[in-house]
Amino acid sequence: MPTTIIAGNWKMNTTRQEARALVEQMRDALDAVEGVTTLLCPPFVHLETVADLLRGTSVALGAQNMHPESSGAFTGEVSPDMLRGLCEYVILGHSERRELFGETDEFVNAKVRAALAAGLRPILCVGERLEQREGGEADAVVERQVGVGLEGVEDASALVVAYEPVWAIGTGRAATPDVAQSMMATIRGALAARFGADAAGEAPLLYGGSVNLGNVEEYARQPDVNGALVGGASLDAEAFTKIVQLAARHS
Ligand code: PEP
């Protein structure tokens with residue numbers, strides 16, 4: 001069985017003081033939950049602060065993005081070598097990066113390979129836009145994102161994939177558990193074709209898109225959903241802690 005992972009993506013939110021307060025409010029309760037890997041993904045500038053606060057707990061740390069090159073003239077970017085040793089996970093190909101910053105599947109693939117080479121665990125985000133779902137293209141879009149995103153990757157053991165339909169992110173319009181499960185089966189199939197059924201069966205597949213206290217258990221009950229990538233609700237210590245506790249009941 002894959003590990004259950006609940007990851008909080010803080011996006012571009014929190015001052016340093018707010019980041020510190022948020023971690024202090026939930027750290028002990030998150031640390032006490034068993035059977036779930038809990039992961040906080042604060043903005044780059046808070047990674048070190050949050051790492052210090054999480055030291056000695058079971059709560060893991062992730063970055064929200066990364067450039068594929070290890071160093072050089074890429075003003076404003078952060079490299080795999082900078083993240084190595086600071087955090088364990090890195091979110092790559094989030095739909096906000098794809099939609100707002102023009103990231104292509106090929107660029108995301110370069111990041112995934114660079115993350116793996118640096119010993120980081122990539123959380124590859126995939127998901128279709130509303131018009132693609134309405135046009136019956138959702139599976140094909142996601143299969144392409146997974147296929148190109150993992151080009152040249154030979155070992156799936158460090159990989160996490162998050163299915164985040166664009167129309168469900170930050171909208172309050174979460175995908176139904178059936179839609180999530182169906183897409184996870186598609187993703188699992190694409191992973192099996194590339195890495196074999198055993199490796200595909202071990203890869204944690206997360207659902208993301210308006211996950212909250214009220215719906216997390218529905219996703220956790222789906223056989224191919226191994227956790228969640230949580231945006232808005234991860235900024236509320238009480239709500240996020242409860243989400244992790246509820247997910248643990250099904251792990
Ligand atoms: C996200 O940012 O990855 C996300 C899923 O956001 P939200 O939970 O707010 O929809």
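Give me a count of the residues in the stretch 4-18 that are closer than 18 Å to CYS87 by Cα and either within 19 Å of the chain's Cα centre (by Cα) or assigned to a loop (DSSP other than H, G, I, E, B) (or both). Outline the logic, then answer.
Applying the first criterion (closer than 18 Å to CYS87 by Cα) to the stretch 4-18 yields 5-12, 16.
Add one more test, that the residue is either within 19 Å of the chain's Cα centre (by Cα) or assigned to a loop (DSSP other than H, G, I, E, B) (or both), and what stays is 5-12.
Counting residues in the stretch 4-18 that are closer than 18 Å to CYS87 by Cα and either within 19 Å of the chain's Cα centre (by Cα) or assigned to a loop (DSSP other than H, G, I, E, B) (or both) gives 8.
Rundown of residues vs (1) more than 16 Å from the ligand (Cβ to nearest atom); (2) within 23 Å of GLY8 (Cβ to Cβ); (3) open to solvent by 20 Å² or more (accessible area, probe 1.4 Å), yes/no style:
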site	(1), (2), (3)
ALA156	yes, no, no
LEU205	no, yes, no
SER210	no, yes, yes
GLY227	no, yes, no
ALA248	yes, yes, yes
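Name every residue in the stretch 1-34 that is at pLDDT below 95 and open to solvent by less than 60 Å² (accessible area, probe 1.4 Å), in order of residue number. Even if it seems obvious, please write down each step before you answer.
Filtering the stretch 1-34 down to residues at pLDDT below 95 leaves 1-3.
Residue satisfying the conditions is PRO2 alone.
Considering only residues that are hydroxyl-bearing (Ser, Thr, Tyr) and farther than 25 Å from GLY232 by Cα, look in the stretch 75-103 and name the one that is most open to solvent (accessible area, probe 1.4 Å). It would help to see each step written out before you state the result.
Step one: list which residues in the stretch 75-103 are hydroxyl-bearing (Ser, Thr, Tyr), which gives 75, 79, 89, 95.
Subset that is farther than 25 Å from GLY232 by Cα: 75, 79.
Numbers: THR75: 142, SER79: 6 Å².
It comes out as THR75.
Would you pick out the residues in the stretch 132-142 that are surrounded by fewer than 18 Cβ atoms within 10 Å (Cβ to Cβ) and among the acidic types (Asp, Glu)? Matches in the stretch 132-142: GLU134, GLU137.
The C-beta contact set for the stretch 159-180 (first residue in contact (Cβ under 8 Å) with a residue 24 or more places away in the chain and of a type in the set (Phe, Trp, Tyr), second residue outside any loop (DSSP other than H, G, I, E, B) and surrounded by fewer than 17 Cβ atoms within 10 Å (Cβ to Cβ), distance under 6 angstrom, 6+ apart or interchain) comprises TRP167/LEU130. Check whether at least one residue in the stretch 189-203 is hydrophobic (A, V, I, L, M, F, W, C) and under 22 Å from ILE243 (Cβ atoms), and report yes or no. Within the stretch 189-203 (the criterion being hydrophobic (A, V, I, L, M, F, W, C) and under 22 Å from ILE243 (Cβ atoms)), the answer is yes, since at least one residue qualifies.
The values are calculated or read from the model by the stated rules, or taken from the named source; none is laboratory data. Quick caveat: nothing in here was measured; it's all calculated off a predicted structure. Because the Cβ atoms are built from the backbone with ideal geometry, glycine has one as well, and the counts that use them run over all protein chains shown. Surface accessibility is based on the protein's heavy atoms, side chains included, excluding ligands, DNA and RNA. Shrake-Rupley method; radii C 1.70, N 1.55, O 1.52, S 1.80 Å.
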